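A.B. asks: A single structure is presented below for examination.
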Amino acid sequence: MADISGHAFLSGGGELASLIGSFDWAATSLGPLSQWPYTLKATVALILRSPVPIVTLWGEDGVMIYNDAYSEFAGGRHPRLLGSKVREGWPEVADFNDHVMRVVLAGATLAYRDQELTLHRNLRPEQVWMNLDYSPITGPAGRPEGVIAIVVETTDKVYAERRLRVTADALATLNADLEQRVAERTAERDRVWQNSRDLLAVVGADGILRAVNPAWPRLLGTAPHQVIGRCFRDFVWPEDLDATIDSTRMAVRQNASVSFENRMRHADGTPRAISWHASVEGDIIYAYGRDITAERAQAEALRQAEAQLHQAQKMEAVGQLTGGLAHDFNNLLMAISGSLERLSKRLSQGRFDEAARYITAARSAAERAASLTHRLLAFSRRQTLDSRPADVNRLIAGMEDLIRRTVGPMVAVEVIAAEGLWTTLVDTNQLESALLNLCINARDAMPAGGKLTIQTNNHGPDAPPQAIDLPPGDYISLCVTDTGTGMQPDVAARAFDPFFTTKPIGEGTGLGLSMIHGFVKQSGGHARISSAPGEGTLVCLYLPRHAGPAHSEEAAASAVAADPAPARRGETVLVLDDEPSVRMLIADVLEELGYEAMEAADGQAALEMMRSGARLDLLITDVGLPGGMNGRQVADAARRIRPDLKVLFITGYAENALTGQGKMEAGMHVMTKPFAMEALAGRIRDIIAE
């Protein structure tokens, strides 16, 4: 600055300083550098050192001199702008600069903040924003000789502020929207709280009710101010209190949701059934309770209606059963009573030669009545079964000739026996009867002939039988298939019903399939029928597998064939039965066999005789007895008095009391009523002779 005239101030001006020092200023209105006014030289020296874009507009024409920072602002216009008039250098903003020159050369200052202008830089128009400060450059005479301008582009800042404003506006809008939504949700929640017909409650972890909705007075008759501050359990029905406490404690302990039902006490003292759903947040329980009192009442009414319907159906079935039973038994009783009446008449007339005919008729009717009761007991699963391990394939082979003769030559019989068929535990006599019955039914369904197939199979856990109501396990199947007329679906559905038959009156009782079904179910298996019109019928019997070898029928037959030992002198049998005629008949048989007979009508009398010390070789007892003790209980008590006592049970049906814990002990035997007196005599001699 000390040697301005010698241009020393240009030595530190960078690129523009060198440019100005070598510029041909003779072409400008300022003339050579040596002729510049002192004020201009001093101003240029300050400009060149500033890092801020600064430009001088010298004279009335505004000749432009600027620093390096401004050259960057000028873009592609540098260095053409240097020394040019401002109107010519920036023609696109000439009017703006003319205004600036007039005002500032008149001695005033101008300041613009974020002034928006469109400038042509780098060969394209740009919208820019700038902070502009204009001040006059005063000459020695005190008059303005030029303008100094500080130019700071704020385009990036303006855009950033705009983006910030957009973001702020968006945040403000979002916040307002969220506030509106929260307000709406709050209003909705309040409406739900106020208008809900269900119980809503906020409960502390200590069980104290903190808030309840207006539904409490309507459902429980208690106003909110009577509830808030009290313990929730105060309103629970006493019998449901423990379960309610357990449920709420579980919810608090697991910090989870729970659902439970209880009864709440109404203000009038009556219970209301409530289904609760409770969720936990922190130490607060939010509970929602729906009144299900009416639903429970409806469910109970439905249950009672179903029970009444079930009872009506049972009574209908009983009516059908008793009707069919009465029809058959009346016929049989007519034959028995009529034969006995005629027998009595002929005996009184001394016409003994005709007695045998009436005796035969009465015995035949009695045997048919016994068969009928056996079928009924089979259907009801109350018959006495003599179950033993059996090889069903061998049983079928033994019956094959009988089956072929029974079905006749028009029906082809095929037996498909499974190889390695498992043993089953079954009453072989009943199974033979069932198989023969199925074959006869199949024959009747093929009046014009056809094919009858008997097939056996094993069914393990991996290949369960096509049946229902069977627990998992191993089973064998015995299936009978015919190519007959088949059944309608409604007929097949009732095929196992008692006294249901499609045969004409007098040709069937309708007990055949029901007997088979009951026998198989009592044996631990299942019976299934499948049929369709014109496609024949399939009936399968499923029986549980037995672990062990099959029973040898040949060995049993040889054992029975041996003659029973005769009665020895003094052998005594106690007959216990509440029916006097039965006791009389058995006592007669015993006396004919040479045994001493004692009679008792109830268990207490029988036990007194056993305690007497008299000899006793066999107890024959009915199972169903009066006086509080059944036959099995009497037998067990008798065994405690006489451990080696042999027992023969006689029963009309298989009472549960007979088998005790599922088995009969050694020395205990059973016969099913009615039985022939000759059969009883043989059984008595066999048992005593063991």
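The values are calculated or read from the model by the stated rules, or taken from the named source; none is laboratory data. Source: prediction; values computed, not measured. Neighbour counts run over all protein chains shown; Cβ positions are idealised from the backbone, glycine included.
A.B. asks: Which of the numbered conditions does residue 169 fail, given that it passes all the others? Conditions: (1) outside any helix (DSSP H, G or I); (2) charged (D, E, K, R); (3) not assigned by TED's automatic domain parsing to the domain that holds residue 55.
C.D. replies: (1)
A.B. asks: If you take the residues of region 128-142 that are of a type outside the set (A, V, I, L, M, F, W, C) and free of Cβ contacts under 8 Å to residues at least 24 places away in the same chain, which of them is farthest from residue 65 (Cα to Cα)? Don't jump to the end; show me each part of the working.
C.D. replies: First, the residues of region 128-142 that are of a type outside the set (A, V, I, L, M, F, W, C): 131, 133-136, 138-140, 142.
Right, trim to free of Cβ contacts under 8 Å to residues at least 24 places away in the same chain and you get 131, 142.
Working: 131: 19, 142: 21 Å.
Filtering first and then ranking leaves 142.
A.B. asks: Pick from region 206-215 the residues that are surrounded by 14 or more Cβ atoms within 10 Å (Cβ to Cβ) and modelled with pLDDT under 85: which of them is nearest to residue 285 (Cα to Cα)?
C.D. replies: 207
A.B. asks: Out of contact with any Leu (no Cβ under 6 Å at 6 or more places or on another chain) and surrounded by fewer than 16 Cβ atoms within 10 Å (Cβ to Cβ): does that describe residue 405?
C.D. replies: Numbers: out of contact with any Leu (no Cβ under 6 Å at 6 or more places or on another chain): yes; surrounded by fewer than 16 Cβ atoms within 10 Å (Cβ to Cβ): yes.
For residue 405, the condition - out of contact with any Leu (no Cβ under 6 Å at 6 or more places or on another chain) and surrounded by fewer than 16 Cβ atoms within 10 Å (Cβ to Cβ) - is met.
A.B. asks: Considering (1) surrounded by fewer than 19 Cβ atoms within 10 Å (Cβ to Cβ); (2) over 33 Å from the mean Cα position of the chain (by Cα); (3) at pLDDT below 80, say which one residue 534 fails and leave the rest.
C.D. replies: All conditions are met except number (3).
A.B. asks: For region 241-258, which residues satisfy the criterion of being surrounded by 14 or more Cβ atoms within 10 Å (Cβ to Cβ) and over 26 Å from the mean Cα position of the chain (by Cα)?
C.D. replies: To start, the set of residues in region 241-258 that are surrounded by 14 or more Cβ atoms within 10 Å (Cβ to Cβ) comprises 241, 244-245, 247-248, 250-252, 258.
Answer for region 241-258, where residues must be surrounded by 14 or more Cβ atoms within 10 Å (Cβ to Cβ) and over 26 Å from the mean Cα position of the chain (by Cα): 241, 245, 252.
A.B. asks: If you take the residues in region 87-120 that are farther than 14 Å from residue 131 by Cα and among the basic types (Lys, Arg), which one is surrounded by the fewest Cβ atoms within 10 Å (Cβ to Cβ)?
C.D. replies: The extreme case among them is 102.
A.B. asks: Output the helices (runs of 4 or more DSSP H) that fall wholly within region 50-127 and possess 3 or more residues being at pLDDT 90 or above, or say none. Talk me through it step by step, then tell me what you get.
C.D. replies: Details: elements: 68-74, 86-89, 94-105.
Correct list: 86-89, 94-105.
A.B. asks: When you go through 174, 164, 110, 178 one by one, which is the residue that is of a type in the set (A, V, I, L, M, F, W, C) and assigned by TED's automatic domain parsing to the domain that holds residue 60?
C.D. replies: 110
A.B. asks: Consider residue 77 carefully, then state whether it is among the basic types (Lys, Arg) and either closer than 16 Å to residue 154 by Cβ or out of contact with any helix residue (DSSP H, G or I) (no Cβ under 6 Å at 6 or more places or on another chain) (or both). Explain how you work it out, then say what you get.
C.D. replies: Values: among the basic types (Lys, Arg): yes; either closer than 16 Å to residue 154 by Cβ or out of contact with any helix residue (DSSP H, G or I) (no Cβ under 6 Å at 6 or more places or on another chain) (or both): yes.
It is true that residue 77 is among the basic types (Lys, Arg) and either closer than 16 Å to residue 154 by Cβ or out of contact with any helix residue (DSSP H, G or I) (no Cβ under 6 Å at 6 or more places or on another chain) (or both).
A.B. asks: Okay, next question. Modelled with pLDDT of 80 or more, assigned to a helix (DSSP H, G or I) and closer than 25 Å to residue 127 by Cα, is that true of residue 164? Steps first, please.
C.D. replies: Numbers: modelled with pLDDT of 80 or more: yes; assigned to a helix (DSSP H, G or I): yes; closer than 25 Å to residue 127 by Cα: yes.
Taking the combined requirement at face value, the residue satisfies it.
A.B. asks: Looking only at region 613-628, which residues are over 15 Å from residue 670 (Cα atoms) and at pLDDT 85 or above?
C.D. replies: To start, the set of residues in region 613-628 that are over 15 Å from residue 670 (Cα atoms) comprises 613-617, 625-628.
Within region 613-628, 615, 616, 617 qualify.
A.B. asks: Follow-up. Inspect all residues belonging to region 577-588 and state whether any of them is farther than 30 Å from residue 622 by Cβ and either touching a strand residue (DSSP E or B) at 6+ places or on another chain (Cβ under 8 Å) or at pLDDT 80 or above (or both). Give the derivation first.
C.D. replies: Initial filter on region 577-588 (farther than 30 Å from residue 622 by Cβ): none.
Within region 577-588, none of the residues are farther than 30 Å from residue 622 by Cβ and either touching a strand residue (DSSP E or B) at 6+ places or on another chain (Cβ under 8 Å) or at pLDDT 80 or above (or both).
A.B. asks: Testing residue 203 on (1) in contact (Cβ under 8 Å) with a residue 60 or more places away in the chain; (2) exposed (fewer than 15 other Cβ atoms within 10 Å of the Cβ); (3) closer than 26 Å to residue 267 by Cβ, one condition comes back false. Which one is that?
C.D. replies: The one condition residue 203 does not meet is (2).
A.B. asks: Can I ask one more? Residue by residue through region 150-199, note down the ones that are touching a Pro at 6+ places or on another chain (Cβ under 9 Å) and of a type in the set (A, V, I, L, M).
C.D. replies: 150, 151, 152
A.B. asks: Within region 595-609, can one find any residue that is surrounded by fewer than 20 Cβ atoms within 10 Å (Cβ to Cβ) and modelled with pLDDT under 85?
C.D. replies: no
A.B. asks: Given the condition of a type in the set (S, T, N, Q) and surrounded by 13 or more Cβ atoms within 10 Å (Cβ to Cβ), answer yes or no: does some residue in region 163-181 qualify? Give the derivation first.
C.D. replies: So in region 163-181, the residues of a type in the set (S, T, N, Q) come out as 167, 173, 175, 180.
Restricting the remaining residues to those that are surrounded by 13 or more Cβ atoms within 10 Å (Cβ to Cβ) gives none.
No, region 163-181 has no match at all.
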